[in-house]
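Take a look at the structure below.
Each reported figure results from applying straightforward, stated rules to the coordinates on display, with no laboratory input. Not measured: the values here are computed from a predicted model. With ideal geometry, Cβ positions are generated from the backbone for all residues, glycine too; neighbour counts draw on all protein chains shown.
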Amino acid sequence: MDKKIKQLLAKLINESNKWLPAFILIVILLFIWQIICILASIPKWLLPMPTDILIELYQHWDLLLKHSFVTLYEIVIGFSFSIITGLIIGGFIAYSKTLEKSLYPIIISSQTIPIIAIAPILLVWFGYGLLPKVLVVGLIAFFPIAVNTIDGLKTIDEDIINMMKTLGASKSQIFKKIQIPNSLPSIFTGLRIGMASSVIGAVISEWVGSSEGLGYLMIRSKPQFLTERVFAAIFLLSVIGLLLFLFVNYCEKKIVYWKTTSNL
Amino acid sequence: MDPIINIKNLTKSFFDILTNDYTVILNDIDFYINEGEIVSLIGPSGCGKSTLLNIISGLEDPDRGEIAITNIDVDNRLGELSYMQQKDLLLPWKTVLGNSILGLEILNKDKSLSEQKALALMDTFGLKGYENYFPNQISGGMRQRASFLRTILTDKKILLLDEPFSSLDSITRLQMQQWLLELWRKFNKTILLVTHDIDEAIFLSDRIYVMKSHLSTSINVIKVDLRRPRNREVVLEQSFLNIKKQILPMLGNEYG
């Protein structure tokens with residue numbers, strides 16, 4: 001029992017060692033921010049103090065939480081959508097030369113179209129509801145996921161393919177037993193990039209037209225000079241991003257387990 | 001007795017981007033291996049040893065020439081011979097046990113039976129106690145043995161080994177050579193081994209094919225008349241040195 005507590009304590013110290021420097025730096029920066037605001041007596045509507053933002057978070061917690069959940073919902077649905085389509089289309093392109101030649105150039109060139117430019121059109125077509133947001137998030141996160149999936153499936157040691165062939169493996173066996181597990185680290189890189197951009201996608205689509213969500217709250221609060229509310233919304237957006245990022249990392253550790261086993 | 005592998009007039013060339021022309025790698029090669037033999041293929045790098053092995057295994061096809069392998073349809077030989085490459089090529093996401101049964105897995109054999117087979121051999125392969133380790137947790141020699149176990153478990157009569165020990169340090173390499181001889185006795189295999197280590201070739205083989213650079217047609221064969229079973233002391237004997245003296249001039253300048 002005593003040993004267990006010691007182990008837990010050691011783990012806690014180890015974890016906090018990872019986070020502590022960044023945490024201290026943030027506290028120092030917030031402190032400087034606060035001091036500058038006080039000394040230069042900057043008006044609240046121009047730059048609120050960190051304490052103003054905290055108070056705003058506390059006072060309007062219900063409102064902020066409600067809109068956070070809307071945005072989180074859009075991100076989760078849109079991101080899931082992009083994972084499914086990114087993996088499937090990426091998989092098909094990596095498996096078939098014909099699809100690679102026909103589909104891949106289109107996907108690449110589609111990236112030259114700024115998603116922000118498409119968002120108003122999606123709004124015209126699909127209205128103010130959830131669908132256009134999910135589509136924007138999905139479109140923006142799809143590309144990094146698909147490209148990294150294709151990359152991971154195709155970047156493979158030729159010798160391993162030959163080894164599999166000499167063991168009598170078929171093309172589909174090589175795909176299933178080698179290419180798929182081999183692609184997982186790369187897929188998770190794509191997921192992390194897609195994750196970050198899907199938060200951006202959700203906010204942009206809410207700016208373009210919506211009646212709820214953190215992006216909507218920001219657009220509404222700005223003309224009312226509720227700058228501290230805009231900051232509170234930004235803070236909550238970064239919390240959402242961070243939580244989802246940690247979730248992706250956690251999944252990676254579980255799924256790509258062999259990357260974490262250390263050398264002896 | 002008919003040879004188990006018989007190759008006649010084998011020719012292979014590759015397209016060379018630099019010279020914009022075909023370069024002949026193997027020119028009119030004749031070659032055979034008897035059942036139960038260990039035969040080495042030795043020569044400077046770039047002489048086509050690995051190409052010859054790739055062709056025998058079925059990964060590549062020759063431009064011209066005949067290949068005959070006992071009880072194997074030559075057109076479908078890929079997957080019928082065991083081929084172990086220079087690198088261990090273990091899959092990082094599988095344990096030692098999982099890697100060793102990969103060949104059986106591909107043949108859709110029953111998993112628990114395959115595992116039993118593999119576990120029974122762990123001791124012979126010096127992997128006992130490491131069954132559930134991942135490749136990046138074990139030493140280079142162990143990885144090579146795990147790769148060997150994967151090759152052996154597919155239970156093919158002919159083993160093609162492409163410089164299997166070249167990535168190991170010299171002490172481990174000596175141990176592995178001795179171990180290979182024990183394995184060969186135990187499992188009754190025919191082995192074709194590519195190497196550029198003359199001592200290794202003499203120590204292991206019944207016969208040695210010596211290849212020169214790819215421009216040369218000739219492939220010389222040397223019979224190794226050393227008694228079996230062999231141990232390490234054999235490398236100090238006069239007969240061993242005589243064979244070495246025979247081989248050195250055949251290799252040309254590159255071994256100077």
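Observations on the model:
- Farthest positive-ward along the protein assembly as shown dipole, Cα basis, beta-carbon charges - from B:248, A:125, B:72: A:125
- Choice from A:79, A:235, A:143 with maximal GNM fluctuation in chain A (Cα, 10 Å cutoff): A:235
- Each stretch of four or more DSSP H residues adds -39500 (n - 2.57); spread over every residue of chain A, this sum gives -27500 deg cm²/dmol at 222 nm.
- The stretch A:49-203 - charge dipole about Cα centre, Lys and Arg +1 at Cβ, Asp and Glu -1, debye rounded to 20: 640
- Angle in degrees between helix A:97-110 and the longest Cα principal axis of chain A, rounded to the nearest 10: 20
- Cα-based helix-to-principal-axis angle, A:180-208 vs chain A, degrees rounded to 10: 30
- With a cut-off of 12 Å on the backbone N, the residues of the stretch B:175-214 near the modelled label site 7 Å out from residue B:139 along Cα-Cβ are B:175-176.
- Amide H contacts of residue B:193 (H built 1.01 Å from N, in plane; Pro and chain starts excluded): B:39, B:40, B:41, B:161 sit under 5 Å, all sequence-distant by 5 or more or on other chains.
- Dipole-positive endmost among B:130, B:239, A:150 within the protein assembly as shown (Cβ charges, Cα centre): B:130
- Farthest toward the positive end of the dipole of chain A, out of A:190, A:219, A:30, is the Cα of A:190, where the dipole comes from beta carbon charges about the Cα centre.
- FRET efficiency for residue A:158 and residue A:18, using Cβ-Cβ distance with R0 set to 41 Å, rounded to 0.05: 0.60
- Estimated [θ] at 222 nm from DSSP helical runs (n ≥ 4, -39500 (n - 2.57)) normalised by residues in chain B, nearest 500: -9500 deg cm²/dmol
- Proxy reagent accessibility, fewest Cβ within 10 Å first, across A:136, A:248, B:210: A:248, B:210, A:136
- Taken about its Cα centre, chain B carries a charge dipole of about 720 debye when Lys and Arg each add +1 at the Cβ and Asp and Glu each add -1 at the Cβ.
- Compared with the dominant principal axis of the Cα atoms in chain A, helix A:130-154 is inclined by about 40°.
- Remark on chain B: Rg and Dmax equal 18.6, 54 Å (Cα only).
- C-alpha center-to-center spacing [the stretch B:1-71, the stretch A:105-136] in angstrom: 57
- Full-extension gain in nm, residue A:107 to residue A:207, via 0.36 nm per residue minus C-alpha separation: 33.4 nm
- Counted charge near residue B:77, where neighbours are those whose Cβ lies closer than 15 Å (Asp, Glu -1; Lys, Arg +1): -3
- Extension gain (nm, one decimal) between residue A:220 and residue A:28, 0.36 nm per residue minus Cα-Cα: 66.0 nm
- Chain B: most fluctuating residue of B:56, B:243, B:17 per GNM, C-alpha cutoff 10 Å: B:17
- With a 10 Å cut-off around each Cβ of A:234-241, the average count of Cβ atoms from other chains is 0.
- Sequence-distant lysines (8 or more away, or on other chains) whose Cα lies within less than 28 Å of residue A:3: A:11, A:18, A:253, A:254
- Förster radius 60 Å - calculated FRET efficiency between residue A:4 and residue A:121, Cβ distance, rounded to 0.05: 0.55
- Around the Cα centre of chain A, unit charges on the Cβ atoms of Lys, Arg, Asp and Glu (plus for the first two, minus for the last two) sum to a dipole of about 700 debye.
- Reach of residue B:212 by Cα under 17 Å, taken over lysines that are not fewer than 8 positions away in the same chain: B:12, B:49, B:244, B:245
- Averaging the Cα positions of each part gives two centres, and for the stretch A:187-264 and the stretch A:1-45 these lie 21 Å apart.
- Note on chain B: GNM, Cα springs under 10 Å; of B:19, B:51, B:11, the largest mean-square fluctuation is that of B:19.
- The slack in the chain from residue B:235 to residue B:175, taken as 0.36 nm per residue of separation less the alpha-carbon distance, amounts to 20.2 nm.
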